[in-house]
Structure formats: structure tokens, C-alpha cells
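To start, the structure under review is shown below, and the notes come after it.
The values are calculated or read from the model by the stated rules, or taken from the named source; none is laboratory data. No experiment lies behind these values; they were computed from the predicted model shown. For neighbour counting, all protein chains shown are included, and Cβ atoms are generated from backbone atoms with ideal geometry for every residue, glycine included. Only protein heavy atoms, including side chains, enter the accessible area calculation; ligands, DNA and RNA are left aside. Shrake-Rupley method; radii C 1.70, N 1.55, O 1.52, S 1.80 Å.
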Amino acid sequence: MRAVLVGVDFGKGDFADSLHELSLLAESAGAEPVVTITGKRSSPDAAFYVGTGKAEEIAQAIAEYGAEIAIFNHALSPAQQRNLERHLKVNVVDRTSLILDIFAQRAKSHEGKVQVELAQLQHLATRLVRGWTHLERQKGGIGLRGPGETQLETDRRLLGDRVKALRQRLAKLQRQRETQRKARGRGQTFSVSLVGYTNAGKSTLFNALAKAGAYVADQLFATLDTTSRRIYLEDIGNIVISDTVGFVRDLPHQLVAAFRATLEETIHADLLLHVVDASSPTRMEQIGQVNAVLKEIGADHIPQLLVWNKIDAAGLMSALERGEYDKITRVFVSAKTGEGLGLLRQAMSEFAKESKGKRIAQTPNPENPATSVGGAETNNND
């Protein structure tokens, strides 16, 4: 499907990177970008988002290249999307719909499919009126309500019922996951979650560490479903490591909300391996985007270890960096070649030992009730 990509520069520094990412997203969804139309504005146009003149330029490009779809690098309002489709005479997709479509294609597990459908329906709920444009010719009032309005109300009710059913199903799956997590907790199993920007190499690293067969591809959002495996660390024993969905700038809020059950693995981890594409020129911005989503889901308090992956592509050497108090802050690895994985396992072992020490310190001593949480004795004679 030939696509015209559209981006508006509002003066933010990451415009070029965001536009490149839109092209990758479009390709991941199965579209073929044929031309990119850009423009500058101080604020979005209320009717067309891009303004009348730019909308005409997009229409000409669609005719010239024989494009079948226009993909906008922004979140469009239902009215803007409707106006653009009327003017351009092709399907118009915004960034949110594009990411939702990719997620719908990639979801493999039952839970993943439920989460994607819930996010899609919540997005669709704001756009239901698009299918009933003939209503605009009708005047409101008693005796003038046509069958279309009844149909629209029916659609909204059915959609609401479906959303409710999906939320109940997700809640059940979340309870099952919580039970599994508690069982792991009782066994004091150290848990690690891989997080990072999409296509940073998390699944390749997961496979290298766990010798698992997680799906790997050089595309955005190759992994949607959380996969967990036990791996053995010397001097520690078994730990649980989980691969999670990748993050991206402007990740739709519906997806963050819908995938909260999956991302709970991240929230309840003892350590986050924040995987970074060391060869990406925008790696620092990507780190910021990931940390923003972690904060949104309540996982910003969890200890984090930066794993700079793809050092083979970046021309770097494997290394282990330490900060103040000799604490490991960063590890340089190549999940593809295996270089530096021994250092990463060493780093995880150190974090696991430190975590185990804290757990012991926080466990009250039944023989000494004066010992408070944290291991310090209380003295009431001061």
C-alpha cells in the first residue's frame, strides 16, 4: 500500500528523528512510503491540522504518486481526520492508529490480543460518528431523528459492552499473573525485566541470556507479549528474566493503559535492564522517552542498569562502568555476537546479592523484637 507521510514541525528539536521513526512505523505496518510532506506551524489547524494550503499539497502528492493512504505523524482529532478524508479522498491514519494497527498485527498471546483489542475499541469510541456522516444533513428535534442516530446509539452500547467484557477478562488474567508473581516472591526469586526503546535489541539479548526462542526481527514492536524464563547465575542460583514490549515516543495512552497488565512484570521487578541501541544517534532521547513511560506506569523507583547494546555496530568495546560507591551503572555488550555478556551476568549477580542483603536486613528478627525494619535497633531511652 503506497503511503504519503505527513509531518508538521512545531519547533521541537526531535522533528527529523520523529519523521524517520514514522517511516519505520509505516513500513512495520506494511505500507510503502513514497513521499514525505512536511511543513512548519506554531499550532495545529483546527480543521485540517496542517492548514488548507498544505492539505492541497498533500492531495496533489497523492494523485501524483498514486498513493492509497495518508499517514500523519501526529494524533488527529476525529473532526480533523474526517475533514482530511473528505478532502484527500483516501484513508487517513494518525500516529496513534498506526501504532495500534502494528500492535494488532503482532499480538500473539491471548492476553496480548485482548489488550490490543481493548486499546483499539477505546480509540474507536471517539470516532464512531465517522460512519454516520449522513446524520449531518439531519436537523435535531422531536420527530426528526432518523434511523442512523438509533444505529449510532446501538453501536456505542455494543462497543461499551465489549470494552467492559475485555476489561473483565484482562482483570482475570492480571489476577493469574499476580498469583504467579507471589509464588515467585515466596521463593525469594530475584526478578529482572528488560526494558528499552523498540528495536534496541531486547529480544536478542533475552535469547542470548536465556537461550530462549523469542521472536526477533529488525522492525519496530517485534515483541508485544511478555516472556519470562529462569536463568542460572553463579553464586546466586536461578533468577527470572522477562522480555517486555518496547517503548516509543508519543506511545498512545490507550496502549499504556491496556498493556498495564503486561507491564506489571516491569513494575514488580527487582532490577530493570534498560537496553539502549548504542549505535543510534538519538540514543539519549530514547533513554528519556523510556524513562518517561516507566514513570507513567509507576516503575521509575526500581533499580536500573543501562545496557548499551549493539557495540559491534557502534564500534565500541565491551566494558563495565562503575559510578560512586563502586556501583555498576553501565555495561557495554553485543547481544548479537555475545561480546560482554559475561560482564552483564556479573553485573546482575552483584545486584542480586545486594538485593538479597537488603531483604535479610529488612526481615524482623523474632528473637530481637527491638529490631526495626532496616535492621536498626530502636532505643527508647534517648
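Filter the cross-link list Lys295/Lys356; Lys12/Lys336; Lys113/Lys211; Lys172/Lys336 down to pairs whose alpha-carbon distance in this structure exceeds 28 Å. In this structure, Lys12/Lys336; Lys172/Lys336 exceed 28 Å between Cα atoms.
Per the Debye formula on identical point scatterers at the alpha carbon atoms of region 47-115, with no solvent, log10 I(q)/I(0) at q = 0.21, 0.24, 0.26 Å⁻¹ is -0.84, -1.00, -1.12. Packing, taken as the mean count of other beta carbons within 10 Å per residue, orders the peptides 302-309, 323-330 from highest to lowest as 302-309, 323-330. Surface composition of region 1-112: carbon and sulfur atoms hold 50% of the protein heavy-atom accessible area at a 1.4 Å probe.
Cα convex hull, region 266-364: 108 Å³ per residue, rounded to a whole number.
Give me the log10 of I(q) over I(0) for region 1-71 at q = 0.16, 0.18, 0.20, 0.21 Å⁻¹, as the Debye formula computes it from C-alpha points; what are the numbers? Summing over Cα pairs of region 1-71 leads to -0.56, -0.70, -0.85, -0.92.
Reported to the nearest whole Å, the Cα centre-to-centre distance from region 1-26 to region 306-325 is 30. Less than 5 angstrom separates the built amide H of Phe247 from those of Gly196, Tyr197, Thr198, all sequence-distant by 5 or more or on a different chain.
When the square roots of the Cα gyration tensor eigenvalues are ordered a ≥ b ≥ c, the ratio a/c for region 1-133 is 1.5 or more and a/b exceeds b/c, which makes its shape prolate. Averaged per residue, region 25-107 has 42 square angstrom of accessible surface, using a 1.4 angstrom probe with ligands and nucleic acids left out.
Phi angles of region 64-73 translate, via the Karplus equation with coefficients 6.51, -1.76, 1.60 and θ = phi - 60°, into HN-Hα couplings of 5, 9, x, 6, 10, 8, 10, 10, 9, 7 Hz per residue; Gly and Pro are given as x.
Taking all protein chains as shown and a probe of 1.4 angstrom, His268 keeps an accessible surface of around 90 Å².
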